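Heads up, the thing below is written out as structure tokens.
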Amino acid sequence: MGRLANLLVLLVAISGGFYQLYLKPILTKAGLWRTIQPIGNTQCATVLELQACEKIVLHQPSGILYLACSVPFSRTVWTPALGRLDPTHASFDDFVATYDPATSRVRRLKVSNFSGSDRGLSLHGMDVVPSASNPAELFVYLINHRAPIDVQSAPRVGADSSVEIFKTTIGSDTITHVHTVEDPTIICPNDVVGYPDGQSFYFTNDHGEKVGLMREFDILGRASTSVGYCHVEHGCKFAITHLKASNGITRAQNDTFYVTDSLGGNINVLERQADNRLAVTDEIPTDRILDNAAIDSEGALWVAGLPDALTWMRKHSVDPSIPAPSSAIRLSINTGPDSFYGAKYKIDKIFEDDGKIASGSTSAAHDAERKLLFLHG
Ligand SMILES: *[C@@H]1O[C@H](CO)[C@@H](O)[C@H](O)[C@H]1NC(C)=O
Ligand SMILES: *[C@@H]1O[C@H](CO)[C@@H](O)[C@H](O)[C@H]1NC(C)=O
């Protein structure tokens, strides 16, 4: 054997280890070897008017859903999370919609008092929170992926993303703008959790950089993402850095946060500290790629999971008319006998579909009072 053969053997050994250590777990969670096992998908209805709504938020008392919607084609060219940065064909006319399951009524909410309207709305994550002082008033927190002022520079510099805060009332057909928050910590924002004061929020950055080659290493578990905290009067700061593939974020009443590690398929549990920073207290593994998360009124966590992320990425995200399988998993506190042995959480797959009913779902919201599960993406 010559030196070349030795070198080849060495290379195969390294890449073999690399495959076992890094690639195989990702490909497994991404669903390469998974058979879709439909569950919970037989008594469903489809709302045709709504498309490309990345995030659903349930207003529990009324049962009304708020959705952050776009047009499917726009998502294929302008999605900073995926490095799609062609603003020339993007929709900056995205909108918040409401859907009332009791009447099947869909409404596209009008925007008022928005001084940034010339730069438009290109929506992604969202939160809708009743005001602390008046529960009939709601604050709507929106991730807005604005194009940079010099639009042509977008592929080079990325999006100029902001967080927009609007207010509305239940049943109103208008959202009224109150604040635009822009800050260097808002790098590549994905999802947002707002407070009932209408002034403060946490958000995830799904990448550590807006553009560039380093982003490509995130798939190998590079811990480059973060959660930021902003208050409109006191500014923004990082609440935690060095997280992996942060995507959805949601908060329980007691200020326990759940942030999905999308590519690793883990749910990070974090506690809010006195200085508004977050500390990880637990990391819960699942078997799939994860997107947005939401807590229901009984305290269970619902997460949209991509059972076949490879089809989602390679086909559906390029042409949304090609279906991609969807699922919803539920995380709850384990009260069964094995909780004694340390199994603190229970994970159940409540919904899975091959994409004919629910395609490419990025958000799952559960109405525990009315026993309804909603998915969209
Ligand atoms: C309109 O927006 C401005 C900020 O652009 C805000 O200060 C003001 O409170 C808003 N007006 C209403 C009626 O909410
Ligand atoms: C906060 O609430 C969540 C969900 O309801 C629960 O799982 C968690 O244990 C609580 N955390 C603390 C510190 O009480």
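The values are calculated or read from the model by the stated rules, or taken from the named source; none is laboratory data. If you're wondering where the values come from, they're calculated on a predicted model, not measured in any experiment. Virtual Cβ from ideal backbone geometry, glycine too; neighbours counted across all protein chains shown. Quick note on the areas: whole protein, heavy atoms, side chains included, nothing else; ligands and nucleic acids left out. Shrake-Rupley method; radii C 1.70, N 1.55, O 1.52, S 1.80 Å.
A few remarks follow.
- From the list V280, V318, the one residue that fits, being within 16 Å of ligand 2 (Cβ to nearest atom) and not small (G, A, S), is V280.
- One residue stands out among those in the range 176-188 that are farther than 17 Å from E233 by Cα and surrounded by fewer than 24 Cβ atoms within 10 Å (Cβ to Cβ): the one that is nearest to ligand 1 (Cβ to nearest atom), which is T176.
- Any hit, the range 300-320, residues being surrounded by fewer than 19 Cβ atoms within 10 Å (Cβ to Cβ), in contact with a Leu (Cβ under 9 Å, 6 or more places away or on another chain), over 23 Å from L32 (Cα atoms) and in contact (Cβ under 8 Å) with a residue 60 or more places away in the chain: yes
- Tabulated pairs, the range 57-77, first closer than 16 Å to A159 by Cβ, second acidic (D, E), C-beta under 7 angstrom, 6+ apart or interchain: A68/E54; S70/D94; V77/D86
- Residue pairs meeting the criteria (Cβ under 8 Å; at least 6 apart or on separate chains; first free of Cβ contacts under 8 Å to residues at least 12 places away in the same chain, in the range 259-275; second more than 16 Å from ligand 1 (Cβ to nearest atom) and small (G, A, S)): Q273/A279
- Residues of the range 255-277 that turn out to be within 12 Å of ligand 2 (Cβ to nearest atom) and either hydrophobic (A, V, I, L, M, F, W, C) or at pLDDT below 95 (or both), as a count: 4
- Test: residue in the range 190-199 that is surrounded by 16 or more Cβ atoms within 10 Å (Cβ to Cβ), modelled with pLDDT of 95 or more and within 16 Å of ligand 2 (Cβ to nearest atom): yes
- Number of the exception - R146 against (1) open to solvent by 60 Å² or more (accessible area, probe 1.4 Å); (2) more than 13 Å from ligand 1 (Cβ to nearest atom); (3) touching a residue at least 12 places away in the same chain (Cβ under 8 Å); (4) basic (K, R): (1)
- Residue match in the range 233-245 (condition: open to solvent by less than 50 Å² (accessible area, probe 1.4 Å), polar (S, T, N, Q) and modelled with pLDDT of 95 or more): no
- Filtered residue count, the range 54-91, keeping only those that are more than 18 Å from T204 (Cα to Cα) and among the hydrophobic types (A, V, I, L, M, F, W, C): 11
- Residue that is nearest to ligand 2 (Cβ to nearest atom), among those in the range 161-175 that are open to solvent by 10 Å² or more (accessible area, probe 1.4 Å) and among the charged types (D, E, K, R): K167
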